[in-house]
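Enquirer: The structure follows.
The values are calculated or read from the model by the stated rules, or taken from the named source; none is laboratory data. All of these numbers come straight from a predicted model, not from anything done at the bench. What goes into the accessible areas is simple: the full protein's heavy atoms, side chains included, and nothing from ligands, DNA or RNA. Shrake-Rupley method; radii C 1.70, N 1.55, O 1.52, S 1.80 Å.
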Amino acid sequence: MAWDLGNKEERKTLMKQLGSEYREKCLRHKSPKDCHYLAHFLETVNQDVAKAATLFRKTCDDHKYGDSCQKFASLVRRGIEGIDPNVSVDYDRKGCDYGQAKSCFHAAMAIVSDAERGQVSSKKIELNDPLEAVNLLDRGCHLGCDNSCYLAGGLYLVGVPGILERNVSVTSRYDLKACQLGNQLACANLRGALPVESPAHDNPISNGFVIRRLQLKIRNEQRRREYSNSF
């Protein structure tokens, strides 16, 4: 049957049918992909963000479905009553572990982001490892996130004394990968131009400033651990 999406009644019938199909495949067949689609349906069609968030979270936890982890983290960053904003970092970490490239990037950015408009404060985030941000960016890059490649390259360009050795050849490899993925700032790096923007879409700041904050976060975490181990 060919649907006439311009017809309000037919569109309403189609949406109802899709919702029923997603519920069937999710609840009866336990399909992670269809549970993710059902959660997306609840959010966008039914406008029920609370139920959508619950299902995204369950699909992430029960099925290790990276897209659902990333989507739940995104909703938490926007603000969900009763859920600590820091939970978004935990779920972006999970999403990254389960192969979601955007989750890797968002988790790395959360480590150095300021608390504004409900975003996570870097002061509240405990690093799993002093180089966690680097590792997250590296994994995000390998999973195909151009911004992760770009920032990872920036870190290796300047290094972190005593922790991360400066390595221009590694920077070039990251920039090449980022450029191949469509990042024009990385392409400019390869041509010898100086980047003037960062990939932080919602809050553009200089790439150098982002890298500096990553450096400080890594260095401070290393010092904290050294201090703790001295007792």
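Enquirer: Summarise the accessible area of the stretch 41-100 (1.4 Å probe, protein heavy atoms) by the percent that is carbon and sulfur.
Expert: Ligands and nucleic acids excluded, carbon and sulfur give 45 percent.
Enquirer: For SER172, SER88, give the ranking by accessible area with the largest first, probe 1.4 Å.
Expert: SER172, SER88
Enquirer: How much solvent-accessible surface does ARG57 expose, in Å² to the nearest 10, with a 1.4 Å probe and all protein chains in place?
Expert: Surface accessible to solvent at ARG57 totals approximately 80 Å².
Enquirer: Which entries of LYS33/LYS177; LYS102/LYS177; LYS58/LYS177; LYS16/LYS64; LYS16/LYS94 have Cα-Cα distances beyond 26 Å here?
Expert: Violating the 26 Å limit, Cα to Cα: LYS33/LYS177; LYS58/LYS177; LYS16/LYS64; LYS16/LYS94.
Enquirer: A further question on this structure: With every protein chain kept in the model, how would you rank ARG78, ARG23 by accessible area, 1.4 Å probe, largest at the top?
Expert: I get ARG78, ARG23, largest accessible area first.
Enquirer: Work out, step by step, the length gained on full extension between ASP48 and ALA188: first 0.36 nm times the residue separation, then minus their alpha carbon distance; give nm to one decimal.
Expert: Full-extension gain reported as 46.1 nm.
Enquirer: Accessible area of ASP84, 1.4 Å probe, to the nearest 10 Å²?
Expert: Accessible surface of ASP84 is approximately 90 Å².
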